[in-house]
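Working notes, beginning with the structure itself.
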Amino acid sequence: MKPSPAPYSGNRVAPAAKAGAVAWIVAATQFLVVQLVVESGWRTPYSWAANNISDLGNVLCGTWDDSRPRYVCSPLHDAMNASFVVHGVLLLAGTLLAGACWGRGGAATTARTLMAVNAGGWVLVGLVPADVDENLHVLGALLIMGLGNAGLLCTGFAPRESLFGRLRAVSLVLAAAAVAAAGMFFAQVDPGTGLGGMERVAAFAMDVWALVMACAVLRAAHRPDAVAPAAAVRSR
């Protein structure tokens, strides 16, 4: 009698998903490191509370942003803009490669789609610095902090049997923080962290999520029970 296939296990991780996890880790790590390097090149003080992330990528030196005037001069802007693009490309690669970890269904599909859009937003802000074309740059920011965070929220409703569905609490907490921060940032409401701080909560939530999920993917890949069902079938 032919044995029936083992049921789907959220612990089973394909090699592609492991590659996606590595892409996410590299994306978040290089993004943080490059920011620290680029801000160290400023002759004027750079503040994570007062300055936007995009200030690091501005091409020209001078007073910037009528709503919050501040002097911006980033000698290493090319490195920051390149990092934005690399960040987006690697986030997209991870999303495509780890697609099975969301499971199936409308919420999972929507989450993956919106996270791919988020990745495109990072590429856009890198290719079009704020002081080159502010409208396109703001569009990129909306894709990141608007649709990208909506993708995080959808991930919180991924099927429970999927790997990411088992960690839905992480997705929902990060999504709630990111959506609230994005709303305050775009509304120019400072709760005491500075608008630059609010922007970072809204924009970095995806990186924190990606690191947590990447670790979950790599951990699952090395669990004995990840291959146990298949081994059990062969032994019958």
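The values are calculated or read from the model by the stated rules, or taken from the named source; none is laboratory data. Small disclaimer: the values here were computed from a predicted structure and weren't measured. Cβ atoms come from the backbone with ideal geometry, glycine included; neighbour counts cover every protein chain shown. Only protein heavy atoms, including side chains, enter the accessible area calculation; ligands, DNA and RNA are left aside. Shrake-Rupley method; radii C 1.70, N 1.55, O 1.52, S 1.80 Å.
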When all Cα-Cα pair distances of the range 107-169 are considered, the percent exceeding 17 Å is 44
Candidate cut points under trypsin sites (Lys or Arg not before Pro) in the range 109-202, DSSP loop plus at most 13 other Cβ atoms within 10 Å of their own Cβ, are 160
Taking r as the C-beta separation of residue 43 and residue 139 and R0 as 45 Å, the FRET efficiency to the nearest 0.05 is 0.90
To the nearest 0.05, the calculated FRET efficiency linking residue 61 and residue 176 through their beta-carbon distance, R0 being 45 Å, is 0.75
Computed for the chain: size of charge dipole around the Cα centre, +1 on C-beta of each Lys and Arg, -1 on C-beta of each Asp and Glu, debye to nearest 20, value 1640
With all protein chains present, the range 81-224 has a carbon and sulfur share of its accessible area (1.4 Å probe) in percent of 72
Env charge @ residue 185, Cβ radius under 10 Å, K,R +1 / D,E -1, value -1
Per the 1/(1 + (r/R0)^6) rule, R0 = 25 Å and r from the Cβ atoms of residue 16 and residue 208, FRET efficiency to 0.05 is 0.65
Between the modelled labels at residue 96 and residue 160 (7 Å from Cα along Cα→Cβ) the distance in nm is 3.4
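According to the square roots a ≥ b ≥ c of the eigenvalues of the Cα gyration tensor, what is the shape class of the range 96-210, taking rounded for a/c under 1.5, prolate for a/b larger than b/c otherwise, and oblate for the remainder? Write down the numbers at each step before the final one.
Values: a/c = 2.78, a/b = 1.52, b/c = 1.82.
The shape class here is oblate.
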With DSSP loop assignment and no more than 15 other C-beta atoms within 10 Å, the chymotrypsin sites (Phe, Trp or Tyr not before Pro) in the range 15-101 are 48
The chain, convex hull of Cα, quarter of hull surface, nm² -> 13.4
Summed over the other residues with a beta carbon less than 12 angstrom from that of residue 194, with K and R at +1 and D and E at -1, the charge totals +1
Residue span residue 127 to residue 79: 0.36 nm per residue of separation minus Cα-Cα distance leaves a gain in nm of 16.1 nm
Taking the alpha-carbon centre of each part, the distance from the range 156-216 to the range 123-144 in Å is 21
Among 67, 48, 101, the residue whose Cα sits farthest towards the positive end of the charge dipole of the range 1-144 (+1 at Cβ of Lys and Arg, -1 at Cβ of Asp and Glu, taken about the Cα centre) is 101
Convex hull around the C-alpha positions of the range 49-150: the volume in Å³ per residue is 97
Per the beta carbon screen (other Cys under 4.7 Å), unpartnered cysteines of the chain come out as 101, 154, 215
Applied in sequence order to the range 120-136, the curve 6.51 cos²θ - 1.76 cosθ + 1.60 (Karplus, θ = phi - 60°) yields integer Hz couplings, x standing for Gly and Pro, of x, x, 5, 5, 5, 5, x, 7, 10, x, 4, 8, 9, 8, 5, 5, 5
Scalar couplings 3J(HN,Hα) for the range 30-37 by Karplus 6.51 cos²θ - 1.76 cosθ + 1.60 (θ = phi - 60°), nearest whole Hz, x for Gly and Pro, are 5, 5, 5, 4, 5, 4, 5, 5
Here the gain from full extension of residue 70 to residue 187, 0.36 nm per residue of separation minus their alpha-carbon distance, amounts to 40.3 nm
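Taking the Cβ of residue 157 as the center, what net charge do the other residues with Cβ under 15 Å away carry, scoring Lys and Arg +1 and Asp and Glu -1? Spell out each step's value before the answer.
Working: positive: 104, 112, 160, 166, 168; negative: 161.
Once positives and negatives cancel, what remains is +4.
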